[in-house]
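Following: one structure in structure tokens, then a few remarks.
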Amino acid sequence: MDLGEKYSKLTPAAPWPGGPVFTAEGPGGKKFFVRGAAGAEAGAAPFLSHPALPVYVETVWAPRDGEEKKFLVYEHFAGESIASVIAGGGAFTEIEALNLGYETARALKYLHGLSPRVAHGAVSTASVFRSGARVFLCGCSAARDTRADLEGLAGLMRAFAAVPRGGGFSPEYSDLLEALGRPDIEAGQALKLIESLGTRPLFRVKEPALKPKKGGLPLYSWPLAAAVLFLAFFLAFKFRMDYWPQLRARRNISLATELARDFPCSLVPAPASRSGSGGNLVFNPGLEGPCGWHAYGGFKRSMIKKGNPHSGVYYFHVADAEDGIYQDVDISRYAGRIAAGGCRVYFSGYLRADGWGRDGMPYLYGYAMRSEDDYTYLGGFQPVGSRIWTLASYEWPLPAGVNKVRVSLQASSYKGSILSKKAFFDDISVEINCL
């Protein structure tokens, strides 16, 4: 079975909640998942972007049963659902259960934090897939009942405890299940509970019992100790809620001021204004300081490196998957030609990885944006593991209505990786080419 001219050789894949899924062969023989677009999921899929959710590629129309039907296309991943693992006799250690629950809770916190809030609507062992070290929450129905998601998370965690490997789970894990069942708990709280249990010491040293001394403490010592403890807790809480945000804001302002002083944007030439195709549209493509670029959580001086660049003096360093750097490039001047079809965007850059491990390798990705809430994900780059500067490039067609593209510099993240490389970037380019 084929799906138009672009996707062919559709074969049934492991189902996701809400409907069947097919594996398809796309351009260049690359594999994709194809799923019938139904209900609210079809409208929400293009706007969802999280490491624990399947990566949306595009929506396509194809004739089926005498009418045009809509299908969602996702990036392919190799893996199987937790339900399939359990049905095949698989079992889980407590650490594995906590890791799978943690990644699921991370995805729920992201969904519930959107505006308006989005509930997955089908959290279960059938919707959670394990693909190597990664975890995917599949089959989002874009519901509104976020409480049902937390009940599904609790059911998922109970399913792990029902098939333990290497002995039963700890009493603390049972306490966690009880806490997840509370009607007032939210995804963020569930995430913190799972994280706190996952980071507890595996072994606790028991201190030998001390022999009681004759003539114990006076009676007033216990109330006094309680009062001192309460005062210390109150002062720490007040510092955290009232003073720490102010100190952090002042620090961020001071850091931004220092960076603006040390790397004045007036010295960075603006990209050449072009009405035709071609030419690098990135402001400060040589990454000579932060001018024109933004970082999630704010720019840090440690992101700007000097010594051994591909060209120029400086280049960028992304140390963590949460600290990506990006720039929005205005392409509204090409709006007429994009609407007529045949325009493509070309990303390129020089990437280098240093250190050891399978984690932390640099790669590029982006978005073709009609607005902040209407965009198409531009994926396909593979992380670069080379220790020398390596040119990475990719090209995508631009859909009608796009007025800017976002190019992002990112470091790969694999859960369970002990060692992590350092991701470096230099000489980034964004070009528009029209037929």
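The values are calculated or read from the model by the stated rules, or taken from the named source; none is laboratory data. All of these numbers come straight from a predicted model, not from anything done at the bench. Glycine also receives a Cβ, built like all others from the backbone with ideal geometry; neighbour counts cover every protein chain displayed. Ligands, DNA and RNA are stripped out before the accessible areas are found, and what is left, the full protein with its side chains, is counted by its heavy atoms. Shrake-Rupley method; radii C 1.70, N 1.55, O 1.52, S 1.80 Å.
Just a few scattered comments:
- Residue match in region 68-86 (condition: open to solvent by 20 Å² or more (accessible area, probe 1.4 Å), part of a strand (DSSP E or B), closer than 23 Å to Ala400 by Cα and hydrophobic (A, V, I, L, M, F, W, C)): yes
- When we screen Pro17, Pro27, Pro63 for residues that are open to solvent by 20 Å² or more (accessible area, probe 1.4 Å) and either in contact (Cβ under 8 Å) with a residue 60 or more places away in the chain or acidic (Asp, Glu) (or both), the only hit is Pro17.
- Pairing residues of region 122-143 that are within 13 Å of Gly19 (Cβ to Cβ) and among the hydroxyl-bearing types (Ser, Thr, Tyr) with residues that are modelled with pLDDT under 90 and open to solvent by 20 Å² or more (accessible area, probe 1.4 Å), at Cβ distances under 7 Å and at least 6 apart in sequence or on separate chains, gives Ser127/Pro17; Ser141/Gly18; Ser141/Gly39; Ser141/Ala40; Ser141/Gly121; Ser141/Ala122.
- Residue match in region 36-58 (condition: part of a strand (DSSP E or B), open to solvent by 30 Å² or more (accessible area, probe 1.4 Å) and among the charged types (D, E, K, R)): yes
- Of the residues in region 344-363, none is touching a Ser or Thr at 6+ places or on another chain (Cβ under 6 Å), under 22 Å from Phe47 (Cα atoms) and of a type in the set (A, V, I, L, M, F, W, C).
- Cβ-Cβ under 9 Å pairs, at least 6 apart or on other chains, region 175-196 side under 15 Å from Gly155 (Cα atoms) and at pLDDT 90 or above, far side among the small types (Gly, Ala, Ser) and assigned to a loop (DSSP other than H, G, I, E, B): Ala187/Gly113
- Index of the failed condition, Asp359 passing every other in (1) open to solvent by 10 Å² or more (accessible area, probe 1.4 Å); (2) closer than 18 Å to Ile432 by Cβ; (3) under 22 Å from the mean Cα position of the chain (by Cα): (2)
- Boolean, Ser311 is of a type in the set (Ser, Thr, Tyr), open to solvent by 30 Å² or more (accessible area, probe 1.4 Å) and at negative phi: yes
- With a requirement of 3 or more residues that are open to solvent by less than 10 Å² (accessible area, probe 1.4 Å) and free of Cβ contacts under 8 Å to residues at least 24 places away in the same chain, none of the strands (runs of 3 or more DSSP E) lying completely within region 364-435 satisfies it.
- Test result for Ser49, under 21 Å from the mean Cα position of the chain (by Cα) and either within 29 Å of Ala400 (Cα to Cα) or among the charged types (D, E, K, R) (or both): yes
- Which numbered condition Pro116 misses (of (1) open to solvent by 40 Å² or more (accessible area, probe 1.4 Å); (2) not in a loop (DSSP other than H, G, I, E, B)): (2)
- Any hit, region 322-333, residues being more than 23 Å from Pro285 (Cβ to Cβ), at pLDDT below 90 and either open to solvent by 50 Å² or more (accessible area, probe 1.4 Å) or touching a helix residue (DSSP H, G or I) at 6+ places or on another chain (Cβ under 8 Å) (or both): yes
- Only one of the numbered conditions (1) modelled with pLDDT of 75 or more; (2) open to solvent by 80 Å² or more (accessible area, probe 1.4 Å); (3) within 25 Å of Gly90 (Cβ to Cβ) is not met by Val228, and that is (3).
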